[in-house]
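A.B. asks: I am attaching a structure below and will ask some questions about it afterwards.
The values are calculated or read from the model by the stated rules, or taken from the named source; none is laboratory data. None of the values given here were measured: they were computed from a predicted structure. Every residue, glycine as well, gets a Cβ built from its backbone with ideal geometry; the counts of neighbours run over all protein chains shown. SASA here: full protein model, heavy atoms, side chains in, ligands and nucleic acids out. Shrake-Rupley method; radii C 1.70, N 1.55, O 1.52, S 1.80 Å.
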Amino acid sequence: MSTPPAPPAEQATVEQAVARIADETGEVAGAGVLVAADLVLTCAHVITRGREEPPKTVLVDFPFLRTGPSRAGVHFLASAAPGSEPPTGDLAVLRLETALPPDVRPVEFAASAPPGLQVSVYGFPNGYPDGRWVSGRTVGSLPSGAVQLEVTDSAGFTGGYSGAPVWSPELGAVLGIIFAADGQGGRAGYMSPAPALAETWPEFDAVVRSAPERAAGAPEGRRAAEVASGGRERTQWVSDAPADHDMLKRTALANVLARQLRHARTETPDASFLVHVDGSWGTGKSTLLKLLARELHSDSIVAFFDTWRHVRIEPPWWALLVTIRKAVVQHRPRWRRPLFLLRELLARVRRDGAPQVLSGLLLVGGALLAALLLRAGVITVRSVEPAFKTVTTVVGAAGALWTAGILLSRYAMWASARRARTFEDSHTDPMNDVAEHIAWLVRHAGRPIVVLVEDLDRCTADYVVNFLDSVQTLVRDVPAHWRRPARRTPGWHAPSFVVAMDGAWLRCAYENAYETFKSAVAEPGRPIGYLFLDKLFQLSVPMPRLGGANRDLYFGRLLGVSVERPVPATAGQVRAALTASSDEIEVLETLAKADPRVREIVAAQAVERILDAGVQDVSRHALAKFSRLLHSNPRAMKRFVNTYTVLRAVRVLEGSLVPTDTLALWTLLRIRWPELADYLEAHPEAIDLIMEGSGAQGLPESLRELAPSEDLHEVLCGVPGVTLTPDVIRACSGAGDDLAPLRP
């Protein structure tokens with residue numbers, strides 16, 4: 001039997017290549033990036049710090065690898081070129097004196113940095129010694145060869161980002177390093193791309209370009225494929241873990257979700273916003289959550305909750321509380337955590353332990369007072385003195401132990417699930433106490449909290465319902481006294497949740513849990529499972545599907561076969577036209593005229609443009625005509641706008657250019673009768689039978705009453721010039737393959 005090939009080394013990620021650079025005193029000076037086994041690239045001014053002579057050595061460590069500081073000498077140094085603005089040529093190369101672990105690989109550098117790419121940068125600004133992410137995008141090249149960036153979140157390229165690698169999740173490569181910034185709060189940044197680095201440092205191509213191939217131990221150009229005995233090619237094994245880099249344009253969708261979450265907490269800071277990411281197993285939900293965490297990291301506390309790990313731990317609220325608490329505590333610098341834990345303990349004592357603690361203190365105080373009176377001679381009964389002393393000592397000790405026991409039991413309540421169950425049994429209203437404490441954590445977090453929930457569709461129906469009920473009762477349904485301005489800190493926001501799970505699994509869990517109420521509550525086209533989804537989540541986001549071109553590209557990358565084609569020359573013109581577009585219709589028209597390859601390249605920028613505030617205002621005005629079909633339901637109207645925005649972004653990323661009115665009609669159908677929409681996604685040809693009025697018998701029993709209804713046909717025929725056909729439904733639901741633009 002032949003031995004299977006060894007799994008390949010993990011593809012290098014930007015996290016393991018990010019370096020933190022400090023002087024001999026340990027003061028952080030900036031960032032760097034690992035470009036070879038023993039070489040780190042950074043800016044010259046990070047090393048010199050205004051001095052004429054550079055130091056002989058500096059301290060370098062890799063935070064994500066948790067390596068200790070290593071000394072590094074200056075291998076190459078080029079100061080900024082005089083007279084250029086921003087100053088270019090600012091580059092230093094450091095050689096490490098201590099070897100890194102053998103599995104650490106340098107990252108790859110992209111050959112170019114086209115405008116419109118989403119980027120992430122990890123640096124070490126003041127107040128964040130462990131580092132902080134900033135999200136942005138490339139704007140365009142400057143005459144000097146530098147590339148301008150703009151920030152897309154609340155942070156900026158402030159001091160501490162110099163030398164940091166600019167990572168493109170879409171390309172899975174580093175575009176260059178940050179060397180300067182300007183504007184208020186560093187809103188604009190400047191990057192030295194690979195061509196500029198190669199021009200400044202002659203060894204760049206020889207060292208950096210070949211480093212990943214040498215680290216992988218494979219011939220150049222054959223890193224993911226090997227030649228087996230007999231001359232046949234075989235591929236190496238591929239990990240099924242969530243991806244660290246984006247090969248399926250999930251970064252753009254993560255940016256959409258981040259925008260929605262930020263908008264929701266700005267509009268209604270007192271209300272939690274719950275998002276459902278709907279996709280079956282293996283569609284990339286965990287990867288999307290990972291990219292979303294990177295997008296939110298700059299202005300939010302992100303907590304991952306893996307329900308699969310906690311499914312056997314009861315009660316569910318305990319694991320949720322511990323996850324939120326841990327994220328809030330770890331967000332603080334290490335030296336401030338003990339003080340925060342002390343404040344937390346005092347808050348708990350004040351809230352639900354005050355009567356017992358006060359009784360204990362009174363008991364101890366009374367015993368001490370009696371002892372003092374006896375010692376001072378105020379009490380002179382000699383016959384009772386020995387017994388009185390003994391009683392006083394015992395009572396004082398008991399009171400002290402009682403008080404300490406109460407404090408310890410309150411504090412230890414969070415230490416284990418067993419103590420949490422005891423807490424439930426020993427309190428008259430335990431859930432109110434838990435909700436109060438979660439509210440306290442949220443008020444003192446210092447940042448908005450976003451909880452990312454994954455693998456819930458691997459849990460039992462009872463756990464799914466119990467966990468989401470805990471979210472609903474402990475976090476989302478905020479008691480009125482939580483909201484009093486006098487009791488909340490500035491910038492306070494209710495937590496948000498993003499739950500990634502198969503929608504069918506979620507609906508089935510609630511239908512099983514509330515089977516008794518099915519006939520009483522369910523509506524035609526909206527069974528009880530869908531009703532619970534509407535009640536729980538303000539937004540449901542479908543995972544994008546793979547069209548033919550994206551599928552071939554993704555599979556080719558897994559096999560190590562390059563299937564990418566050169567970027568067409570018209571890409572720049574299309575990007576410029578997208579930037580000048582004033583509404584969604586112009587964006588769609590620009591994409592429709594573009595070459596399919598260009599359309600794929602600029603999809604992320606098109607989504608960014610559609611989500612622009614000005615474009616959104618025009619688009620929402622175009623949706624006003626559908627309000628009469630929503631029957632004046634305020635909640636349904638909000639859900640309609642949110643769902644349309646997300647569906648538009650997802651369809652553009654897939655390459656489906658559905659006209660505005662057509663997609664809006666499909667969105668309306670999905671909101672009012674989601675069961676029918678799901679059925680039509682799987683059987684689009686059924687729409688013809690419904691429109692003709694002859695298809696009721698061919699539908700599932702739960703939809704037969706709905707098919708001939710006047711309400712349904714009023715919606716289907718409610719928009720002049722728009723007709724839902726099987727092809728239109730395939731395009732609206734992302735079920736097409738290599739979808740071409742649809743014309744109204």
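A.B. asks: For the stretch 591-599, in order, what is each residue's ³J(HN,Hα) by Karplus, 6.51 cos²θ - 1.76 cosθ + 1.60 with θ = phi - 60°, in whole Hz (x at glycine and Pro)?
C.D. replies: Using θ = phi - 60°, the values come out as 5, 5, 7, 7, 4, x, 5, 5, 4 Hz.
A.B. asks: Using alpha carbons only, how many angstrom separate the centre of the stretch 146-192 from the centre of the stretch 37-78?
C.D. replies: Here the two parts' Cα centres lie 19 Å apart.
A.B. asks: Go through the stretch 123-135 residue by residue and turn each phi into a ³J(HN,Hα) via Karplus (6.51, -1.76, 1.60, θ = phi - 60°); whole Hz please, and just put x for glycine and proline.
C.D. replies: Residue by residue, the stretch 123-135 yields x, 10, x, 4, x, 10, x, 8, x, 7, 7, 10, 9 Hz.
A.B. asks: Please compare each pair in 285/625; 285/535; 290/625; 535/625 to a cut-off of 27 Å on the Cα-Cα distance and tell me which ones are over it.
C.D. replies: 285/625; 290/625
A.B. asks: Computed FRET efficiency, Cβ-Cβ of residue 182 and residue 78, R0 22 Å: what is it to the nearest 0.05?
C.D. replies: The pair residue 182/residue 78 has a calculated efficiency of 0.55.
A.B. asks: Collect residues whose amide H, placed 1.01 Å from N in the peptide plane, falls under 5 Å from the amide H of residue 30; neighbours closer than 5 in sequence don't count.
C.D. replies: It is 21, by chain and number.
A.B. asks: Note down the accessible area of residue 730, probe 1.4 Å, to the nearest 10 Å².
C.D. replies: 80
A.B. asks: Let me ask something else about it. Under the rule of at least 5 residues apart or a separate chain, name every residue whose amide H is placed under 5 Å from the amide H of residue 176.
C.D. replies: It is 166, by chain and number.
A.B. asks: At 0.36 nm per residue, minus the direct Cα-Cα distance, what do residue 368 and residue 689 gain on full extension? Give it in nm, one decimal, please.
C.D. replies: Additional length available on full extension: 106.7 nm.
A.B. asks: At a 1.4 Å probe radius, carbon and sulfur cover how many percent of the accessible area of the stretch 660-699?
C.D. replies: Accessible surface attributable to carbon and sulfur in the stretch 660-699 totals 48 percent.
A.B. asks: Also: For the stretch 195-208, take each phi angle, set θ = phi - 60°, evaluate the Karplus expression 6.51 cos²θ - 1.76 cosθ + 1.60, and give the result in whole Hz per residue in order, putting x for glycine and proline.
C.D. replies: x, 5, 5, 5, 6, 7, 10, x, 7, 4, 4, 5, 8, 6
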